[in-house]
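The values are calculated or read from the model by the stated rules, or taken from the named source; none is laboratory data. It should be emphasised that the depicted structure is a prediction, and the values quoted were computed from it without experimental measurement. Cβ sites come from the backbone with ideal geometry, for glycine too, and all protein chains shown count toward neighbours. SASA here: full protein model, heavy atoms, side chains in, ligands and nucleic acids out. Shrake-Rupley method; radii C 1.70, N 1.55, O 1.52, S 1.80 Å.
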Amino acid sequence: MLLTVSVICAAGCATEDVSTGPEGNPPPVLTMLAPNTVATGASAFTLTVSGSQFIPGSVVRWDGVGRATLFVSATELTTPVLAAEVTVTGVVNVTVHSPAPGGGESSALPFNIVHPLPSITTVSPNAVATGGPAFTLTVSGTGFTAASVVRWDGSDRPTTVVSSAELRGAIAQADIAQAGARQVAVHTPAPGGGTSQQVTVTVVDPSIAAGRAHACASIGTVYCWGSNEYLQLGVASTTQICSVEAVTGPCSTLPLRVSGDLVLSHLSAGDRHSCGLTSEGAVYCWGWNAFGQLGDGTTTSRPAPTLVSGGHRFVALSAGTVHTCGLTTTGVAYCWGAVRSGVAGDSAVNALGAPVSQVCQNPTPSYRGAEWPCSPTPLAVSTSLRFRSLDPGIWGTCGVTSDGIAYCWGWNQFWALGTGDDQHRSAPAAVATSLVFSEIHMGSGHACARTAAGAAHCWGARVFDWGQLGGGTVSAGGSSTPIAVVGGHVWSRLELPVGNNIYSGFTCGITTGDALYCWGSNRDRQLGVQSVDQACFSATNFTCTGTPVLVAVPPVRAVAAGTGFACTAARDTTVYCWGVNDAGQLGDGTIVSRAEPRVVALPGPASTLQ
């Protein structure tokens, strides 16, 4: 660029003694530039040139081209530099030229134009699910250049430069094959440049949860759908109205993003509340809180995830019908919410396994009494036992200790405690079996556990046995002790519904080959088929089965059982639901119940199974 050069004398320069000497103007001497380095993209600035023997006619030259120069003194000149002149990296030779007579050109000093140090402000998404498809990671920040590249765990990824404030990195499916924290940075090569600070993208295993009439899924982002009568979707309001068991209330037939943008690695749903666990071990809950089941020290229902009080670090979380439990890193069990109902006959029940002095007001006192003993804050279960698996049901809880022994406590009218009798328990009581278990789950009237070898055993279902024990038969008897689930399958996961509905008792399980089976009541087509071939034990208008039935879904990674419906997450993170849909709990945009699995309308990959 050719610049018109002018010489300006600063105020007062006429009084300064700048002698030309007998041979004319002195030769300028250049000693320092300030600044001597700027980053591309810098705003216009003033370059200060320091040295000696400058005169009012001295001119700063930029790669040999004279520039508008302000004479400050015999030791200082300044010149403005435009932003357009520092857009490309390189080295500019700066000199000072003084005119004849005498004068001449100083030696040169380098002025460096370098890449800026990149800085990240946000990444989007900041959480994704394992098994999901390849995706584009948007990185926002400052100091990005055409040479900047997105790094994923230290390795460069194909990068599109949108602007100096935005990059887009191509993240492959293989990059999110395993759960964990991934470190994202931006690197810009020399000159200048460098590597930005690291920002975490959390990769979580897909997690799903189902309650009485709602469901939730974490695929990096957490979504819920179905009934929002008690704010269990994690949003303050919805525009749709649905009717659940003749009760009309707000709902959403499509997934809604849960408020707060928390990254939750595990979800669990109670009857009308939802909870999630972060990778740091914090538990957040939202929805119905009449009995303190959210654990925040109040009985106020919450439309957004609220931190459970106590400062505990949990490694496992599970929500029951009206209480919630978690396991700490040391295997200590904590529970909070309703201890039992308010009827006199339940006085020996303690679902929390710890003494309480507080009572909560039942908003529907005609149902099992007006005052229910409760704790709105976590209480340690009163035992020296240490657990590796824990699951609450309806007014009861079961756990497996570190040495594989199953214990249950709470309500036992339907034999769900597995103790061989119908006596309620206020403290952990051993299940009547010599079997050693790895995992245990409790529902609304039965419980199931899995051995390390993958065998499943169930118990309970007294009076209302729809086949949910999986023993191959349907009868009115149930079992007060564990019986083996038939079929010879090797199970990796079991799941039971916790909703308070005796007619929807069923069980689902995932095999080690990622196949999904369900058994028990098919009143609402919750087994994933139109009909099964066994009649229920009493005069009902639906069928049941005591034998596991294969559900026609792709290989699965997670399953959740709700009241009369079920959902599963496939390997590619696609979520399917089936069964009753009166509140939109299938998440397909309708209130039409389905016997066949339907794709939930979540953001993400589509499936051929529509």
statement: Once phi for every residue in region 328-334 is put through the Karplus expression 6.51 cos²θ - 1.76 cosθ + 1.60 (θ = phi - 60°), the whole-Hz ³J(HN,Hα) values, with Gly and Pro written as x, are 7, 5, 9, x, 7, 8, 10
- prompt: Any idea which of 243, 534, 397 is furthest toward the positive side of the dipole for the chain, if Lys and Arg beta-carbons carry +1 and Asp and Glu beta-carbons -1?
  reply: 534
- line: Under the rule rounded for a/c under 1.5, else prolate if a/b exceeds b/c, else oblate, using alpha carbon gyration tensor axes a ≥ b ≥ c, region 491-610 is classed as oblate
- prompt: Could you give the length gained on full extension between residue 84 and residue 492, defined as 0.36 nm per residue of separation minus the Cα-Cα distance, in nm?
  reply: 140.6 nm
message: Charges at C-beta only: +1 for Lys and Arg, -1 for Asp and Glu. How large is the resulting dipole of region 326-415 about its Cα centre, in Debye rounded to 20?
response: 60 debye
Segment residue 452-residue 261, length gained on full extension (0.36 nm per residue, minus Cα span): 65.2 nm
query: If R0 is 35 Å, what FRET efficiency do you get for residue 75 and residue 155 from their C-beta distance, rounded to 0.05?
result: 0.10
- request: May I ask you to give the percent of accessible area on the chain that is carbon plus sulfur, with a probe radius of 1.4 Å?
  value: 54 percent
task: For residue 438 and residue 315, compute 0.36 nm times the residue count separating them, minus their Cα-Cα distance, and round to one decimal in nm.
output: 42.7 nm
- request: Would you work out which of 180, 198, 275 lies farthest towards the positive end of the dipole of region 173-275? Charges go on Cβ: Lys and Arg +1, Asp and Glu -1.
  value: 198
Whole-number percent relative contact order across the chain, with pairs defined as alpha carbons under 8 Å at least 6 apart: 9 percent
message: Given the C-alpha atoms of the chain, compute the convex hull and give its volume per residue in Å³.
response: 192 Å³
statement: With residue 285 itself left out, Lys, Arg at +1 and Asp, Glu at -1 over residues whose Cβ is under 15 Å from its Cβ give 0
statement: To the nearest 20 debye, the chain has a Cα-centred charge dipole, built from +1 on Lys and Arg Cβ and -1 on Asp and Glu Cβ, of 1060 debye
field: Residue (of 35, 338, 488) at the positive-pole extreme of the chain, dipole from beta-carbon charges
entry: 488
message: Can you compute 3J(HN,Hα) from phi for each residue in region 309-314, using the Karplus curve 6.51 cos²θ - 1.76 cosθ + 1.60 with θ = phi - 60°, rounded to whole Hz and x for Gly and Pro?
response: 6, x, x, 6, 9, 9
message: Could you check the spin-label model distance between residue 386 and residue 592? Points 7 Å from the Cα along Cα→Cβ, value in nm.
response: 5.4 nm
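What percent does the relative contact order of region 421-479 come to when contacts are Cα pairs within less than 8 Å and at least six residues apart?
Values: 80 pairs, mean separation 12.2, N = 59.
Reported relative contact order: 21 percent.
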- request: Would you pull out the residues with amide H under 5 Å of residue 339's amide H, same chain only if 5 or more places away, H placed 1.01 Å from N?
  value: 374, 375
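Heavy-atom accessible area per residue, the chain, 1.4 Å probe: how many Å²?
Solvent-accessible surface per residue comes out at 37 Å².
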field: Charge context of residue 151, other residues only, Cβ under 15 angstrom, K/R +1, D/E -1
entry: 0
- request: Scan around residue 107 for amide H atoms under 5 Å from its own, H built in the peptide plane at 1.01 Å from N, and keep only partners 5 or more places away or cross-chain.
  value: 30
